[in-house]
Amino acid sequence: MNNFFTRVDNLSRLSVEKHNVAFSLFDWPAHIAEDTWWQSPDVLSIALTDHIEQWDEAQLIKLAKWECINSFSLNYTGELELIQEVSRILDKVALSDAREYLYHLIDEENQHMWYFQKFCRAYGGKVYPNKKFQIEKQLMSPAKEHFLVFARILIFEEIGHYYNIQNARDSRVHPFVREINEAHYKDESRHIAYGRQVLEHLAKDAITDEGDALWLGQQLDKSIAINIAALYNPQAYRDAGITKGMALRESLLNHPNRIELHETKLLGSFKRHAERLGITLTDTRK
Ligand SMILES: [Fe+2]
Ligand SMILES: [Fe+2]
């Protein structure tokens, strides 16, 4: 077996060994107090800007609650779409034995989806809807389409990973929220490892002609922009009592410190991986 298949085989084995059943894993609290941090203040969408200094703690805690609901809603809607997309191409994608892992991926994402939506409904009373970020229906080879499915999944997972890590390790955050972030982080580490391997494997057939890498890069730039914009949800701002949510969102999306965070902590490793595969993505700092 070559390296790719050996590594994927190991990931499948890990999924079997570590198999958690999320449905019985957590002890769900009756409620989560409003005066506790529902997520780390370090991952608030206003972090790294003047707002974080100007707002009082009660306002920040309120925003943390609704941004936690936003982040968990994004996980839920993103995972729902991930399962739909992976299922759609499951029998077509040229992965040979590495297809085996997709069954674990779907299984684990199904469990994540269950706990994220349950959390949002139980404690926030809602799941925020999300704009679809599916592949534009245009003519492309199956190899390109399959590559884009996995590349988009990886973008989504790498961004989520940053939030999981920050929230899991911040002792200010409510213990149950930390527990969920920790559980998700563990499964996602394997998904991300798989995603990187798969993209490398699929890139050979996806990038065959002159212009392919450029075109794929353009598609991924669009996906990145949608994923990043979703972190600044005007509905969450409204629920947190902020009146000019749209204006706040615009100013944060253009704030140099936020852009730096997007490029480094959220997307740095994805962009470096894409570069290794010959795909250059737009650096939004320039
Ligand atoms: Fe997940
Ligand atoms: Fe995942």
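Given the options G195, G245, name the one that is within 16 Å of ligand 2 (Cβ to nearest atom), crowded, with 17+ Cβ neighbours inside 10 Å and of a type in the set (G, A, S).
When all the criteria are applied, what remains is G195.
Residues checked against (1) under 20 Å from F156 (Cα atoms); (2) of a type in the set (K, R); (3) in contact (Cβ under 8 Å) with a residue 12 or more places away in the chain; (4) touching a Phe, Trp or Tyr at 6+ places or on another chain (Cβ under 8 Å):
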position	(1), (2), (3), (4)
F4	no, no, yes, no
R13	no, yes, no, no
E53	no, no, no, no
E57	no, no, no, no
K65	no, yes, yes, yes
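Going by the conditions given, is I228 of a type in the set (V, I, T), at pLDDT 95 or above and not in a loop (DSSP other than H, G, I, E, B)?
yes
Just to be sure before I move on: is Y185 within 16 Å of ligand 1 (Cβ to nearest atom), of a type in the set (S, T, Y) and in contact (Cβ under 8 Å) with a residue 60 or more places away in the chain in the structure I sent?
When the stated conditions are applied, Y185 does not pass them.
In segment 203-215, is there at least one residue being more than 16 Å from ligand 2 (Cβ to nearest atom), more than 26 Å from N75 (Cβ to Cβ), touching an Asp or Glu at 6+ places or on another chain (Cβ under 9 Å) and in a helix (DSSP H, G or I)?
yes
Name the residues in segment 135-176 that are outside any loop (DSSP other than H, G, I, E, B), in contact with a Phe, Trp or Tyr (Cβ under 6 Å, 6 or more places away or on another chain) and closer than 19 Å to K65 by Cβ, would you?
Within segment 135-176, N164, A168, V173 meet the criteria.
Out of segment 34-46, which residues are free of Cβ contacts under 8 Å to residues at least 40 places away in the same chain and either farther than 21 Å from A230 by Cβ or touching a Pro at 6+ places or on another chain (Cβ under 7 Å) (or both)?
Within segment 34-46, E34, D35 meet the criteria.
Here are some residues: G241, G195. Which one is in a helix (DSSP H, G or I) and modelled with pLDDT of 95 or more?
Result of the check over G241, G195: G195.
The values are calculated or read from the model by the stated rules, or taken from the named source; none is laboratory data. Note that the coordinates shown come from a computational prediction; the quantities given were computed from them, not determined experimentally. Virtual Cβ from ideal backbone geometry, glycine too; neighbours counted across all protein chains shown.
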